[in-house]
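Read the structure below first, then the notes.
The values are calculated or read from the model by the stated rules, or taken from the named source; none is laboratory data. Remember, predicted model here, so these are calculated numbers, not experimental data. As a convention, Cβ positions derive from the backbone with ideal geometry for all residues, glycine included, and neighbour counts pool all protein chains shown. We work out accessible area using only protein heavy atoms, side chains counted, and drop any ligands, DNA or RNA first. Shrake-Rupley method; radii C 1.70, N 1.55, O 1.52, S 1.80 Å.
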Amino acid sequence: MPELPEVETTRRGLAPHLEGRRVRGVTLRRPDLRWPIPPEVAAELPGQRIESVRRRAKYLLLDTQAGSALLHLGMSGSLRVLPADTPPRLHDHVDIALSRDAGQPDRVLRFTDPRRFGCLLWQPAGELHPLLRGLGPEPLGDGFDGDYLHARSRGRKVALKAFLMDQKVVVGVGNIYVAEALFAAGVSPMRAAGRVSRERYAAIAAEIRAVLARAIARGGTTLRDFLAPDGAPGYFEQELSAYGRGGEPCLRCGRALRHAMVGQRATVWCGHCQR
Ligand code: ZN
């Protein structure tokens, strides 16, 4: 499943091909993905200039003066910029045709999603789509640090891991990244969120930023795929210290890593190194 780093990698890969282009047309091969595609996408988007490609949480926004196309990759979605005459395949649900420079071939932004858990929605100019309301800060942006987490967590009895995965607290810190960040910070995911000190939250915030930044940097090596007709964005491998390693030796102390379910998500930590 695409996590925040994959979505940010996608954004960085797409932006140079989309920003400044005009939308020549929209082809919808299905009326729905996870939700129906609203009529504004086909009615409002053609003729608009794409001013920026933004990410908020795991959503991508193609901003125009009329409004923004709001995309989510769901479980299996991908976006590629392709020559316009590339024949669509079974799960290629949407094409957004782009203006071109003289002498360049026509190109389309193609949205492919075999499982159709992704979405393409519309956010009118000056409004905030309901899906984006109430979201916590970006983990890589201003406003996310140890002081914020400390203040936000006072009185909370929920497990630290569940607290950090709450999109109202901070967006886009998935199961992999919270496991790796808490291992690096030496804090147990089972500890009550309200009983973690300001200093430890500072370490946790720094490790969350570091693990996400590393993943994004690795994703950068796949950017060339965005123009390859057969190249879906590569989901990079990471060397993982905790996630998926339950029962295996801790890379720091050698003791077996513990595992349990927290909020129906597999959770792995070292009972010795993480307190
Ligand atoms: Zn250990």
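Against the chain, whose longest principal axis is taken from its Cα atoms, helix 198-219 shows a tilt of about 40°. Each helix, a run of at least 4 DSSP H residues, gives -39500 (n - 2.57); summed and divided by the residues of the chain, these come to -7500 deg cm²/dmol at 222 nm.
Any idea what diffusion coefficient the range 85-184 gets from Stokes-Einstein, in µm²/s, Kirkwood Rh on alpha carbon pairs, 4 °C, 1.567 mPa s? Estimated via Stokes-Einstein, D reaches 74 µm²/s. Spherically averaged projected area of the convex hull of Cα atoms, the chain: 15.2 nm². Label positions at H259 and E239, each projected 7 Å from the Cα along the C-beta direction, are separated by 2.2 nm. When a 1.4 Å probe is rolled over the protein heavy atoms, the share of accessible surface on the range 39-99 that falls to carbon and sulfur comes to 53 percent. Springs between Cα atoms under 10 Å define the GNM used for the chain, and in it the highest mean-square fluctuation of A205, A43, A192 occurs at A43. Relative to one another, the C-alpha centroids of the range 169-211 and the range 46-93 are positioned 32 Å apart. Obtain the radius of gyration and the Kirkwood radius of the range 138-221 from its C-alpha atoms and give Rg over Rh. For the range 138-221, the value is 0.95. In plain terms, the chain from S52 to A84 could stretch by 9.4 nm, reckoned as 0.36 nm per residue minus the Cα-Cα distance.
Once both labels are positioned 7 Å from their Cα atoms along Cα-to-Cβ, the gap between R34 and A125 label points is 2.8 nm.
Taken per residue, the accessible surface of the chain reaches 46 Å², heavy atoms only and a 1.4 Å probe. Taking only the C-alpha atoms of the range 4-132, the Rg (one decimal) and the largest Cα-Cα distance, Dmax (whole number), read 13.4, 41 Å.
Listed peptides 129-140, 169-180 appear in the order 169-180, 129-140 once ranked by packing, highest mean of other Cβ atoms within 10 Å at the front.
With K and R counted +1 and D and E -1, the other residues having a Cβ less than 15 Å from that of G246 yield a net charge of +3. Placing unit charges on the Cβ atoms only, positive for Lys and Arg and negative for Asp and Glu, gives the chain a dipole magnitude near 1020 debye about its Cα centre. Here the range 4-132 is treated with +1 on each Lys and Arg Cβ and -1 on each Asp and Glu Cβ, and its dipole about the Cα centre works out to around 300 debye.
For the chain, the longest principal axis of the alpha carbon atoms and the long axis of helix 4-18 meet at an angle near 20°. Computed over the chain with a Gaussian network model linking Cα atoms closer than 10 Å, the most mobile of A97, A151, A202 is A151.
Using the Cβ-Cβ distance between A43 and R198 with R0 set to 35 Å, the FRET efficiency works out to roughly 0.10.
For the pair R22 and S76 in one chain, pulling the backbone fully straight at 0.36 nm per residue adds 16.7 nm over the alpha carbon distance.
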